[in-house]
Amino acid sequence: MVRRIVFGIALLMSAGFASAQRPAPLQDELADKLVGAWNLDGSVMGRQAHHRLRAQWVLGHEFLRLEEETSADAPASESRYEAIWFLGYDDVDRHYVLHLMDLFGGRFSETLGNGVRDGNVLRFNFEYPDGPFRTTWAWDDASKSWKWHMEQKNKAGEWTTFADFWMTPGKGF
């Protein structure tokens, strides 16, 4: 009798999980343009930076994982960086989400970026503990490349450039 009750409860619980419909895999032709290997050339905090990035769909095509790191052939004087970004879409509230995890640890990883798409532009806002930050990817169809621009708000309340990159097709890691 106890087994039947336990089995019945388990069956009801699993039915509840089964009725919670998993969203359809994310289909976004602009985000699809991020898939692949990219060379990133530009600047971070006013200093030259050379990174590479690899992007692929993961977790049932619900998130685009972007792995970024300093290029192996970057000058030794260049600061080393490593990050993993996860881009997804909240189909209930109808906005993009962007989660960043990088070598700076958990303090800045707890903030989720909220984003919108405007044509060929994906723009994300983060409310970090030390102030607002935004990152923008803009697709240039003519050159088949991306412009990646990052800004932060300074203590005077003005938006200043944090980083600028041109993303061109690359060979990956």
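Quick notes on this structure:
- Whole-Å semi-axes of segment 91-173's equivalent ellipsoid (Cα gyration tensor): 22, 16, 15
- Positive-end residue, the chain charge dipole about Cα centroid, Cβ charges, pick of Ala74, Gly88, Trp166: Gly88
- Pairwise Lys count, the chain - Cα closer than 17 Å, eight or more residues apart or different chains: 4
- Amide N proximity, segment 75-112 versus Arg65 label position 7 Å along Cα-to-Cβ, cut-off under 17 Å: 82-89, 98-103
- Each listed q (0.17 Å⁻¹) maps to a log10 I(q)/I(0) for segment 28-100 from the Debye sum over equal C-alpha point scatterers, namely -0.69.
- Estimated dipole of the chain in Debye, rounded to 20 [Cβ of Lys and Arg +1, of Asp and Glu -1, Cα centre]: 540
- Zero-based 5 Å bins, Cα pair distances in segment 33-173, whole percents: 2, 9, 17, 24, 23, 15, 7, 2, 0, 0
- Karplus-based coupling profile of segment 127-141, in residue order and whole Hz: 10, 6, x, 9, x, x, 9, 9, 10, 10, 10, 10, 7, 10, 5, with θ = phi - 60° in 6.51 cos²θ - 1.76 cosθ + 1.60 and x standing for Gly or Pro.
- Relative packing of 152-162, 79-89, which averages over residues the other C-beta atoms within 10 Å, highest first: 79-89, 152-162
- Using alpha-carbon coordinates, inclination of helix 2-19 to the longest axis of the chain, degrees: 40
Where a number appears in this text, it was derived from the coordinates with a stated rule and is not lab data. Here the structure is a predicted model, which is why all the values come from computation and not from measurement. Glycine also receives a Cβ, built like all others from the backbone with ideal geometry; neighbour counts cover every protein chain displayed.
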